[in-house]
Amino acid sequence: MKGPGKPHVAAVPFPALGHTIPILDMATLLASHGLTVSYVTTPANVSRVQQPILEAAAKGLDIRLVVLPAPAVRGLPEGHESSDQIPAESTDLIRELAEKLQHPLRPLDRAPIRRRNPSAVATIKFVLGRFQSIGRGSGMLINTFHELEPAHLDHLKNVTDKPVWGIGPVFPPSGSDKVSVRGKMADIGEEELIRWLDSQSPRSVVYLSFGSQTYLTPQQTNALARGVELSEQPFVWAIKIPPRIEPATSDSASFARRYLPEGFQERTKNRGVVIWGWAPQLLILSHPAVGGFASHCGWNSTLESVTQGIPLIAWPMYGDQPFNSKLIADLGAGIQFCQYRDAIPNAERVKEVIRRVLIEDKGKEMRKSAEKMKEKARITVEDGGSSRADLQAFVNVVRELHTKLGKNKKERSHKCC
């Protein structure tokens, strides 16, 4: 399949974990349909994607890893891609710089943002840039499927007047990459985790995880923990430890003392598993013991819950998450218990929604709706499905463009000679 005459696609993800892995899955899918794919990333993300790319290439897929160092940023040491990698000793310099910058700044009284979140100015600029890029493109390739959100896909086609290919849900091919190892390693062994899940009743476990970009506060974590304990249901909870200025305070024991109710882990040790940091989410959600997913409703997590037939217990925080939460609620496959990043969950409400989803009749209805979407997600990627058709249509467009560019190149070379 390899050769210089093949159509060549560049996959360039936003350099965050929630983007690098899904775009890698999409790149692998395109390579499996005969395209050459160059996956472009930065040195900081190489360890997350190198092994899956090597495995795909070993199976004959024409997929290459291209590592581009991040452009040097004035003030950052060489090799550092963002300011959160600056050693703690630099904080005094940052504070001094911030103090000097205070005076020239003018208040943003008329800015269309909440004053308590001035960083939204940069976010708005970034989002506007992404929308403007749609106008420069020839179409949109999206990890979704028509049966999940038909009105949204049709609306995109109408307002942009461009092709929109919904090729999702895009996940690792069955029987290939292990779903347990996707980006990082968990602090619990896969076999140990599976043994614990195997010991639980079907659809009795709630899994809690709120994404790779959000750090919960002590008050938020404490409230969630009290609700989880009150629910008396088995649980797996992936808790992300925030970065600390002092490394000594970033271990799980210190974090637990500050963030969790006193004695929480001891009281729940026989019915719960706490994973500090990253967790093998797809592996957990695919286990028959799991019956509910407490999530921030990032798009990857939303799709994973849909494809596994797991009702969502939603706490959307920002960006597209409130819309994703509403989509799932409208489909009857989830319920929202909190909203916005700075909200403090009510422990009684947390208890109520967990028990509703896992035990009560309302939860059974949600599970039926989730199972229906799971079946639609399975059918859409098979022969005759809408996502399979859109994928083939996109590949055909790329091939046609490649052929056209090749002809133009030959014509120019003939004219020159």
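The values are calculated or read from the model by the stated rules, or taken from the named source; none is laboratory data. Source: prediction; values computed, not measured. Backbone-built Cβ (ideal geometry, glycine too); neighbour counts: all protein chains shown.
Of everything in region 357-390 that is part of a helix (DSSP H, G or I) and of a type in the set (Gly, Ala, Ser), the residue that is surrounded by the most Cβ atoms within 10 Å (Cβ to Cβ) is 370. Taking the criterion of being among the polar types (S, T, N, Q), closer than 23 Å to residue 303 by Cα and modelled with pLDDT under 95, the only residue of region 17-44 that qualifies is 20. When restricted to residues that are among the hydroxyl-bearing types (Ser, Thr, Tyr) and within 19 Å of residue 345 (Cα to Cα), region 251-272 contains 1.
Residues in region 124-151 that are in a helix (DSSP H, G or I) and in contact (Cβ under 8 Å) with a residue 24 or more places away in the chain: 134, 135. Scanning region 178-218 for residues that are loosely packed, with under 13 Cβ neighbours inside 10 Å, at pLDDT below 95 and farther than 15 Å from residue 283 by Cα turns up just one, 218. Within region 321-336, which residues are of a type in the set (Gly, Ala, Ser) and surrounded by fewer than 20 Cβ atoms within 10 Å (Cβ to Cβ)? Those that are of a type in the set (Gly, Ala, Ser) and surrounded by fewer than 20 Cβ atoms within 10 Å (Cβ to Cβ): 329, 332. For the residues 305, 286, 295, 301, the requirement of being closer than 25 Å to residue 22 by Cα, over 13 Å from the mean Cα position of the chain (by Cα) and among the hydroxyl-bearing types (Ser, Thr, Tyr) singles out 286.
Within region 1-44, being in a strand (DSSP E or B), touching a His at 6+ places or on another chain (Cβ under 8 Å) and of a type outside the set (Gly, Ala, Ser) holds for 8, 36, 37.
Looking at region 286-294, is at least one residue among the β-branched types (Val, Ile, Thr) and without any contact (Cβ under 8 Å) to a residue 60 or more places away in the chain? No, there is no match, as no residue in region 286-294 is among the β-branched types (Val, Ile, Thr) and without any contact (Cβ under 8 Å) to a residue 60 or more places away in the chain. Restricting to region 332-348, name every residue that is in contact with a Leu (Cβ under 8 Å, 6 or more places away or on another chain) and in contact (Cβ under 8 Å) with a residue 60 or more places away in the chain. Within region 332-348, 345, 347, 348 qualify. All of 316, 261 fail the test of being modelled with pLDDT of 95 or more, over 23 Å from the mean Cα position of the chain (by Cα), not in a helix (DSSP H, G or I) and not basic (Lys, Arg), apart from 261.
Does residue 351 meet the test of being in a helix (DSSP H, G or I), touching a residue at least 60 places away in the same chain (Cβ under 8 Å) and either farther than 26 Å from residue 280 by Cα or touching a Gly at 6+ places or on another chain (Cβ under 9 Å) (or both)? Yes, satisfied.
For region 319-348, a residue qualifies if it is of a type outside the set (A, V, I, L, M, F, W, C) and assigned to a loop (DSSP other than H, G, I, E, B), and the qualifying residues are 319, 320, 332, 339, 340, 341, 342, 345, 346.
When the criteria are applied in full, residue 393 meets the requirement of being closer than 30 Å to residue 31 by Cα, of a type in the set (A, V, I, L, M), touching a strand residue (DSSP E or B) at 6+ places or on another chain (Cβ under 7 Å) and not in a loop (DSSP other than H, G, I, E, B). For region 199-223, filtered to residues that are under 17 Å from residue 298 (Cβ atoms) and of a type in the set (A, V, I, L, M), the residue that is farthest from the chain's Cα centre (by Cα) is 216.
Of everything in region 63-85 that is more than 25 Å from the chain's Cα centre (by Cα) and either surrounded by 11 or more Cβ atoms within 10 Å (Cβ to Cβ) or at pLDDT 90 or above (or both), the residue that is farthest from residue 34 (Cα to Cα) is 75. Among the residues making up region 319-336, those that are among the small types (Gly, Ala, Ser) and closer than 17 Å to residue 365 by Cβ are 329, 332, 333, 334.
Do we have residue 113 as at pLDDT below 70, part of a loop (DSSP other than H, G, I, E, B), in contact with a Ser or Thr (Cβ under 9 Å, 6 or more places away or on another chain) and over 30 Å from residue 377 (Cα atoms) here? Here the answer is yes, as residue 113 does meet what is asked.
Here's the yes/no breakdown for (1) over 17 Å from residue 395 (Cβ atoms); (2) aliphatic (A, V, I, L, M); (3) free of Cβ contacts under 8 Å to residues at least 24 places away in the same chain:
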| position | (1), (2), (3) |
| --- | --- |
| 12 | yes, yes, no |
| 15 | yes, no, no |
| 21 | yes, yes, no |
| 25 | no, no, no |
| 29 | no, yes, no |
| 32 | no, no, no |
| 36 | no, no, no |
| 45 | yes, no, no |
